[in-house]
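Student: My structure is below; once you've seen it, I'll send some questions.
The values are calculated or read from the model by the stated rules, or taken from the named source; none is laboratory data. Note that the coordinates shown come from a computational prediction; the quantities given were computed from them, not determined experimentally. Methodologically, a virtual Cβ is constructed for each residue, glycine included, from the backbone with ideal geometry; neighbour enumeration extends over all protein chains shown.
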Amino acid sequence: MFFIKNKKGADKMLSMYWFAIIIIVSVGVVAMVYIFYTAPYEVRDAESEVLSNQFANCFSRGGLVNPMLASVGEFNSGFDLLGECEVNFVVENEYGWSQREQFFVETEFYSVDDLNNPKLVLSEGNLDWKPSCFIKDKKDEDYDRLVKCNEERIYVLGEDGEQYLIKILVGVGKIDKNVRQ
Amino acid sequence: MLGSKRNKKGQVGETLTWIVATLIIISVLFIFIYASIAMAKVKSVGSGEIKSKAQETIGKEVDWIETKNEMAFARDSSDRVRIERWLNEKQEN
């Protein structure tokens, strides 16, 4: 008799135990899903590459330089970088981004005779971001909170057969949306 | 007396089993939570995911910039070595 009563109590305890385990596991699963899906995607690498490709496409057409950019061996210093290349740096009005530009582009144009001194430098956007592009310490925990940059170099020919080299450096800020706070 | 003692021993053994089982369940849960934190940190859309239509069609990697450079070299490849050296000096990010 004593044994039977005891067994009933043990069964009750066991079902409470399972109930507690189900709750713990459910909370764990919800926590895992929440942690993973609320983490932002880092898209800035892709974004900076897309932007550099857009500028490269604007400067070089089938291997020939855009005639608006250079002709008769001279670069056009009045070239409208954003307008001609159909790029805008307009961003969402969040995190105070409208007060601080989140992109920059710097392009250096060289003649093949002198690869150290650019003949023309054109830039747009927030150039305060630029020094971050040269920090390479990826192990630093704050590295992800820096601007993501992409550099591309292209070789183009002028209509007159002149050889030009172009360096494109693009940086994307937008830290608040791409890195977990 | 003897029966009660035996019963107690059985209960202790069973309780220990459940305590160990609970610990295992909770530690597995923590491992999974830790893994989800680690995976969340590396969520990114890299440039590798962006494939151009041409890339999908021909089924191999196409570098947009390299293609442009090759087009220019096809027209004039004089000083190619020097130019290529300069092109390859670009900083990797």
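Student: With the structure loaded, tell me whether A:Asn150 is within 18 Å of A:Gln54 (Cβ to Cβ), surrounded by fewer than 14 Cβ atoms within 10 Å (Cβ to Cβ) and in contact with a helix residue (DSSP H, G or I) (Cβ under 8 Å, 6 or more places away or on another chain) or whether it fails that test. Even if it seems obvious, please write down each step before you answer.
Tutor: Working: within 18 Å of A:Gln54 (Cβ to Cβ): yes; surrounded by fewer than 14 Cβ atoms within 10 Å (Cβ to Cβ): no; in contact with a helix residue (DSSP H, G or I) (Cβ under 8 Å, 6 or more places away or on another chain): yes.
So A:Asn150 fails the test.
Student: From the list A:Ser71, A:Ser77, which residue is at pLDDT below 90, assigned by TED's automatic domain parsing to the domain that holds A:Asn150, surrounded by 15 or more Cβ atoms within 10 Å (Cβ to Cβ) and more than 24 Å from A:Val179 (Cβ to Cβ)? Even if it seems obvious, please write down each step before you answer.
Tutor: On the way: A:Ser77 fails: surrounded by 15 or more Cβ atoms within 10 Å (Cβ to Cβ).
Step by step, each of A:Ser71, A:Ser77 is checked, and only A:Ser71 is at pLDDT below 90, assigned by TED's automatic domain parsing to the domain that holds A:Asn150, surrounded by 15 or more Cβ atoms within 10 Å (Cβ to Cβ) and more than 24 Å from A:Val179 (Cβ to Cβ).
Student: Okay, moving on. What number of residues within region A:41-65 are surrounded by fewer than 19 Cβ atoms within 10 Å (Cβ to Cβ) and either within 19 Å of A:Ser111 (Cα to Cα) or at the interface with another protein chain (Cβ under 8 Å from one of its Cβ atoms) (or both)?
Tutor: Residues in region A:41-65 being surrounded by fewer than 19 Cβ atoms within 10 Å (Cβ to Cβ) and either within 19 Å of A:Ser111 (Cα to Cα) or at the interface with another protein chain (Cβ under 8 Å from one of its Cβ atoms) (or both): 6 in total.
Student: Please go through (1) farther than 30 Å from A:Ser111 by Cα; (2) in contact with a Lys or Arg (Cβ under 9 Å, 6 or more places away or on another chain); (3) modelled with pLDDT of 85 or more for B:Ile65 and return the number of the only condition it doesn't satisfy.
Tutor: Result: B:Ile65 passes all but (1).
Student: Looking at this structure, is A:Asn117 closer than 27 Å to B:Asn69 by Cβ and either surrounded by fewer than 17 Cβ atoms within 10 Å (Cβ to Cβ) or among the hydrophobic types (A, V, I, L, M, F, W, C) (or both)?
Tutor: Details: closer than 27 Å to B:Asn69 by Cβ: yes; either surrounded by fewer than 17 Cβ atoms within 10 Å (Cβ to Cβ) or among the hydrophobic types (A, V, I, L, M, F, W, C) (or both): yes.
So A:Asn117 passes the test.
Student: Follow-up. Considering region A:153-181 alone, what residues qualify as being modelled with pLDDT of 90 or more and under 21 Å from B:Ser78 (Cα atoms)?
Tutor: The answer is A:Arg153, A:Ile154, A:Tyr155, A:Val156, A:Leu157, A:Gln163, A:Tyr164, A:Leu165, A:Ile166, A:Lys167.
Student: If you take the residues of region A:19-39 that are among the small types (Gly, Ala, Ser) and out of contact with any Lys or Arg (no Cβ under 6 Å at 6 or more places or on another chain), which of them is farthest from the other protein chains (Cβ to nearest Cβ)? Reasoning before the result, please.
Tutor: So the first thing to find is which residues in region A:19-39 are among the small types (Gly, Ala, Ser), and the list is A:20, A:26, A:28, A:31, A:39.
Filter once more, keeping what is out of contact with any Lys or Arg (no Cβ under 6 Å at 6 or more places or on another chain): A:20, A:26, A:28, A:31.
Numbers: A:Ala20: 9, A:Ser26: 10, A:Gly28: 4, A:Ala31: 6 Å.
This residue is A:Ser26.
Student: Can you tell me which residues in region A:131-152 are modelled with pLDDT under 85 and either closer than 30 Å to A:Glu74 by Cα or among the basic types (Lys, Arg) (or both)? So that I can check it myself, show each step before the final result.
Tutor: So in region A:131-152, the residues modelled with pLDDT under 85 come out as A:135-145.
A:Lys136, A:Lys138, A:Lys139, A:Arg145, listed by residue number.
Student: Check A:Asp114 against each of (1) free of Cβ contacts under 8 Å to residues at least 60 places away in the same chain; (2) within 18 Å of A:Leu51 (Cα to Cα); (3) over 16 Å from the mean Cα position of the chain (by Cα) and name the one condition it does not meet.
Tutor: Here A:Asp114 clears every test but (2).
Student: Look at region A:28-83 and say how many of its residues are at positive phi and in contact (Cβ under 8 Å) with a residue 40 or more places away in the chain.
Tutor: So the first thing to find is which residues in region A:28-83 are at positive phi, and the list is A:62-63, A:72-73.
This time we only want the ones that are in contact (Cβ under 8 Å) with a residue 40 or more places away in the chain, so: A:63, A:72-73.
Residues meeting the conditions: 3.
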